[in-house]
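Undergrad: This is the structure I want to talk about, given as structure tokens.
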């Protein structure tokens, strides 16, 4: 293998591992506690309250909930985000708008 091929291979591996790490799910041993957020008046009957929502920032979860989600197009429903737990710890799964019939409370997609 030439020096150029080795350099290319090393750069490819480095770039791929960076992408994997950037998109990897983070796990925590103790779930963070959501702050108390005062719910404001509902803008319309179709808006959905998102009370608990989390985003990963610099390897930690930051609370981003406490807002009204915009109403969807006809035929969509909102699935609240949820925590999952396995042997690695707790991980947050973001909620969002989905097409089709509403799911019952407690059902989750993975």
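Results for (1) modelled with pLDDT of 90 or more; (2) in contact with a strand residue (DSSP E or B) (Cβ under 7 Å, 6 or more places away or on another chain), shown as yes or no for each residue.
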site: 13; (1), (2): no, no
site: 18; (1), (2): no, no
site: 28; (1), (2): yes, yes
site: 33; (1), (2): yes, no
site: 58; (1), (2): yes, no
site: 84; (1), (2): yes, yes
site: 87; (1), (2): yes, no
site: 108; (1), (2): no, yes
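Undergrad: With respect to residue 62, determine if the residue is surrounded by 10 or more Cβ atoms within 10 Å (Cβ to Cβ), out of contact with any helix residue (DSSP H, G or I) (no Cβ under 6 Å at 6 or more places or on another chain), more than 14 Å from residue 84 (Cα to Cα) and free of Cβ contacts under 8 Å to residues at least 24 places away in the same chain.
TA: yes
Undergrad: Give 68, 54 a once-over and let me know the one that is closer than 25 Å to residue 38 by Cβ, within 14 Å of the chain's Cα centre (by Cα), at pLDDT 90 or above and surrounded by 15 or more Cβ atoms within 10 Å (Cβ to Cβ).
TA: 54
The values are calculated or read from the model by the stated rules, or taken from the named source; none is laboratory data. Computed from a predicted model, the values in this text were never measured in an experiment. Here the Cβ is made from the backbone with ideal geometry for all residues, glycine too, and neighbour counts use every protein chain on show.
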